[in-house]
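A short reminder: the numbers here are calculations on the coordinates, not readings from a lab. Everything quoted here is computed from the prediction, not taken from an experiment. Cβ coordinates were reconstructed from backbone atoms using ideal geometry, including for glycine residues, and neighbour counts include every protein chain displayed.
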Amino acid sequence: MAKLYFKFGAMGCSKTAQALITKFNYEERNMKVLLLKPAIDTRDGATVVKSRIGLMQDAIAVGSEEDLYALYEQKYPDADVVIVDECQFLTPRQVDELADIVMMKDIPVLCFGLSTDFTTHLFPGSKRLFEIAESISEIKSVCTCGAKATVNARLDENGKIVTEGSQVLLGGNDRYVAMCRKCWLKYRAEQA
């Protein structure tokens with residue numbers, strides 16, 4: 001029986017690399033993969049999924065209004081699996097549509113992304129995945145102190161932690177650093 005999977009972690013934990021490795025594993029077994037990414041993520045190009053270690057693949061970029069079930073059924077009905085990178089940017093409705101693919105088509109859907117934003121609040125897509133995914137697993141990363149990183153700290157141009165602003169601000173190592181909650185709280189207090 002197919003499942004809806006949510007594989008989450010802090011920035012830099014290899015979510016995208018693992019998504020692309022998973023894609024390779026399916027393709028190595030002659031299975032067709034539908035690789036999706038939210039259109040809002042344009043860091044590496046409109047249709048490119050790229051990991052920090054250099055793995056990259058073309059993907060189908062989907063806007064927030066796109067019906068993912070209809071997309072699968074009308075354009076990619078021969079796909080054996082759906083893999084989504086940066087799934088935190090999906091809408092709750094789109095997560096439900098992915099769940100419909102699992103249930104109605106018996107096709108596994110694997111979603112890779114962040115759980116929380118820079119203020120430690122859930123992204124809407126991630127929240128919905130926590131609510132309905134059949135399999136939820138954490139991909140761990142490490143803070144500079146050696147503890148497990150759980151916070152995606154946003155940095156300003158001077159390297160100071162930002163605690164206000166839009167939930168979505170695209171960036172990589174230039175804008176974000178993964179920290180444990182203890183270090184994040186400590187640095188916030190020192191900057192106050």
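For R52, the residues whose modelled amide H falls within less than 5 Å of its own, excluding neighbours fewer than 5 places apart on the same chain, are A17.
Once the Cα-Cα distance is subtracted from the 0.36 nm per residue extended length, the V142 to E73 segment shows a gain of 20.9 nm. This ranking places V33, V82 by how few other beta-carbon atoms lie within 10 Å of each, fewest first, which gives V33, V82. Potential lengthening of the chain between S64 and V48 amounts to 4.0 nm, from the contour at 0.36 nm per residue minus the alpha-carbon distance.
Between K127 and R181, the FRET efficiency from the beta-carbon distance, with R0 = 25 Å, is close to 0.85.
Of the trypsin sites (Lys or Arg not before Pro) found in region 4-36, those that fall in a DSSP loop while having at most 14 other beta-carbon atoms within 10 Å are R29, K32. What number, rounded to the nearest 500 deg cm²/dmol, is the helix-based mean residue ellipticity at 222 nm of the chain, given -39500 (n - 2.57) per DSSP H run of at least four residues and division by all its residues? Value at 222 nm, helices only, nearest 500: -9000 deg cm²/dmol.
Between the residues L155, F123, I101, the greatest Cα displacement towards the positive end of the dipole of the chain, with unit charges on the Cβ of Lys, Arg, Asp and Glu, is found for L155. Each of M56 and K105 was given a label point 7 Å from its Cα along the Cα-to-Cβ line. The distance between the two points is 2.7 nm. Seen through its C-alpha gyration tensor, with square-root eigenvalues sorted a ≥ b ≥ c, region 33-76 comes out oblate because a/c lies at 1.5 or above while a/b is not bigger than b/c.
In a simple Cβ point-charge model (Lys, Arg +1; Asp, Glu -1; nothing else charged), region 4-138 has a dipole of about 420 debye relative to its Cα centre. Ranking of R128, R175, R181, R43 by neighbouring Cβ atoms within 10 Å, starting from the fewest: R43, R181, R175, R128.
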